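For reference, the structure is listed below as structure tokens.
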Amino acid sequence: MKRSIITAIALASTAFAVSAGEIAPTEVSFSDGTVAESLTGVPGDRESGREIVGSKKLGNCVACHQVSDLSDVPFHGEIGPSLDGAGDRWTEEELRGIVANAKIMFEGTMMPSFYKTEGFIRPGNAYTGEAPDDTFGPILTAQQIEDVVAYLATLKE
Amino acid sequence: MTRTKLISGLIGATLLSTGAAFADPVDDNLIINEEIEIVTRTAAPAHLADALDEVMSGWLFRGTETRAMESDDFDNPGMIFVEKAMDSWETVEGSEGKSCASCHGDAEESMKGVRAVYPKWNDAAEEVRTLEMQINDCRTTRMGAEKWKYTGGDMVNMTALLASVSRGMPINVAIDGPAQSTWEDGKELYYTRTGQLELSCANCHEDNYGKMIRADHLSQGQINGFPAYRLKNTKLNSVHARFKGCVRDTRAETYKPGSPEFVALELYVASRGNGLSVEGPSVRN
């Protein structure tokens, strides 16, 4: 069975298209867990980021994190630290790295990698339980990552 | 990682403001029908000693009303399905003109203790069998009847009947001898981080039980209470249906109910509950 698990790894996301000027999930360059360069070159939109962090259908970050600024959204989880003050604790570059692939900054963390398309074991087609199809891509788009980073940067104590 | 530890101190304070209040398992005892004492927490079995001190039933992580429903068979909606299964226990089906009762007599007598030791190695078949597999083997080879669908209504009802007559007895599945390699496979699956969210069973049910994940209060993911009547879908849910839902929630391609992977995982998860009481059919949200 070991083999059957492993052969399912790394179903590539060949069909996932990256818009012009964007850095593809496989091309992001991390340095000590941080990502210096914007993934799109387009400044992030704080309001859109706020929605992504709170929405179950998008980032669903509140599944694991408390965010006082999102007190209009019911039920915040307590798996990860509160994101209040994240903008004080982390630079934008660090936040981009954490949201794109937290496992580089925090080894072994439970936090999912939101801008990653390779190296999964039995990846599925979103929450259907089925095998992935040719729409398989990162959980958030490059611009959504930028939006989330812009939002987090404004979370000051 | 040290950074996390510093930061996690902040969580307690913010919790109060969002109303996600009940973080830990409750301090409560389950006695069904004022008669059957259920062990809902006990020392972890030896094979788990380096991971957990105590094992706990999912019952301890549910709200007051849900817990109360399970303490009386008149309030437990799962018991309606046990009654249905009692009818099918007596019903002759298949080419051999037999019912379960033809071979096994009174289920309350003959089936007492069976749930507690499944999944279990079967010598003749040289495989680890779940209760569902054994039921289907009886149906096909002894009754000459059709198999039941692995997670179908007839099947889950029958497993509820078999669980109900063992309530209060300690789960005691064997993990050594010929079952050991299946158990090892199950253990590997338990700790494998699957899907696009890269989450293992252990991430949620070993490392974070007692905490809220969005609106859900994480338990240890024990299966001593199965099948479980869920208020959410108002039906009895089998172990493999629950596994499938949890794996799906990691954005993974799931395994199939009845697959060798889920059979192995069931043996492993059952063994994590060795010492807890058989509690099914339980009530969960």
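The values are calculated or read from the model by the stated rules, or taken from the named source; none is laboratory data. What you see is a predicted model, and the numbers here were worked out from it, not measured in a lab. Here Cβ is always computed from backbone atoms with ideal geometry, including for glycine, and neighbour counts include all displayed protein chains.
For the stretch B:168-208, taking the residues that are hydroxyl-bearing (Ser, Thr, Tyr) and more than 10 Å from every other protein chain (Cβ to nearest Cβ), the one that is farthest from the chain's Cα centre (by Cα) is identified as B:191.
Is it the case that some residue within the stretch B:51-73 is of a type in the set (D, E, K, R), at pLDDT 95 or above, within 20 Å of residue B:237 (Cβ to Cβ) and more than 20 Å from the chain's Cα centre (by Cα)? Spell out how you get there, then give the answer.
We begin by selecting, within the stretch B:51-73, every residue of a type in the set (D, E, K, R); these are B:53-54, B:62, B:65, B:67, B:70, B:72-73.
In the following step, the residues that additionally are at pLDDT 95 or above were identified as B:53-54, B:62, B:65, B:67, B:70, B:72-73.
Restricting the remaining residues to those that are within 20 Å of residue B:237 (Cβ to Cβ) gives B:62, B:65, B:67, B:70, B:73.
Keeping just the survivors that are more than 20 Å from the chain's Cα centre (by Cα) gives B:65.
Yes, some residue in the stretch B:51-73 is of a type in the set (D, E, K, R), at pLDDT 95 or above, within 20 Å of residue B:237 (Cβ to Cβ) and more than 20 Å from the chain's Cα centre (by Cα).
Of all the numbered requirements in (1) more than 9 Å from chain B (Cβ to nearest Cβ); (2) outside any loop (DSSP other than H, G, I, E, B); (3) charged (D, E, K, R), residue A:156 misses one, and that requirement is (2). Inspect all residues belonging to the stretch B:147-157 and state whether any of them is among the charged types (D, E, K, R), assigned to a loop (DSSP other than H, G, I, E, B), more than 28 Å from residue B:47 (Cβ to Cβ) and free of Cβ contacts under 8 Å to residues at least 60 places away in the same chain. Yes, because at least one residue in the stretch B:147-157 is among the charged types (D, E, K, R), assigned to a loop (DSSP other than H, G, I, E, B), more than 28 Å from residue B:47 (Cβ to Cβ) and free of Cβ contacts under 8 Å to residues at least 60 places away in the same chain.
With the requirement that a residue be in a loop (DSSP other than H, G, I, E, B) and closer than 23 Å to residue A:27 by Cβ, what does the stretch A:113-127 give you?
Narrowing the stretch A:113-127 to residues in a loop (DSSP other than H, G, I, E, B): A:113-122, A:124-127.
Result: A:113, A:114, A:115, A:116, A:117, A:118, A:119, A:120, A:121.
Restricting A:72, A:88 to residues that are part of a loop (DSSP other than H, G, I, E, B) and within 14 Å of chain B (Cβ to nearest Cβ) narrows the list to A:72.
I need the full set of residues from the stretch A:56-107 which are closer than 16 Å to residue B:197 by Cβ and either out of contact with any Gly (no Cβ under 9 Å at 6 or more places or on another chain) or basic (Lys, Arg) (or both), in order please. Walk me through it before giving the result.
The first filter runs over the stretch A:56-107 and keeps only residues closer than 16 Å to residue B:197 by Cβ, leaving A:56-65, A:77, A:79-80, A:98-103, A:106.
A:56, A:57, A:58, A:77, A:79, A:80, A:100, A:103, listed by residue number.
Restricting attention to the stretch B:247-269 and to residues that are within 8 Å of chain A (Cβ to nearest Cβ) and farther than 25 Å from residue A:63 by Cα, the residue that is surrounded by the most Cβ atoms within 10 Å (Cβ to Cβ) turns out to be B:264.
Evaluate the following for residue B:150: is it surrounded by 17 or more Cβ atoms within 10 Å (Cβ to Cβ) and aromatic (Phe, Trp, Tyr)?
Details: surrounded by 17 or more Cβ atoms within 10 Å (Cβ to Cβ): yes; aromatic (Phe, Trp, Tyr): yes.
It is true that residue B:150 is surrounded by 17 or more Cβ atoms within 10 Å (Cβ to Cβ) and aromatic (Phe, Trp, Tyr).
For (1) in contact (Cβ under 8 Å) with a residue 60 or more places away in the chain; (2) farther than 25 Å from residue A:135 by Cβ; (3) outside any loop (DSSP other than H, G, I, E, B), each residue gets a yes or a no:
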site: A:37; (1), (2), (3): no, yes, no
site: A:49; (1), (2), (3): yes, no, yes
site: A:84; (1), (2), (3): yes, yes, no
site: A:93; (1), (2), (3): no, yes, yes
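Considering each of A:21, A:41 in turn, give the residue that is part of a loop (DSSP other than H, G, I, E, B), modelled with pLDDT under 95 and surrounded by fewer than 17 Cβ atoms within 10 Å (Cβ to Cβ). Full working, then the answer.
Details: A:41 fails: modelled with pLDDT under 95.
After ruling out the rest, the residue left standing is A:21.
Within the span defined as the stretch B:145-157, one or more residues are polar (S, T, N, Q), within 14 Å of chain A (Cβ to nearest Cβ) and under 15 Å from residue B:266 (Cβ atoms). As for the stretch B:102-125, it holds no residue that is within 14 Å of another protein chain (Cβ to nearest Cβ), under 21 Å from the mean Cα position of the chain (by Cα) and over 18 Å from residue B:163 (Cβ atoms).
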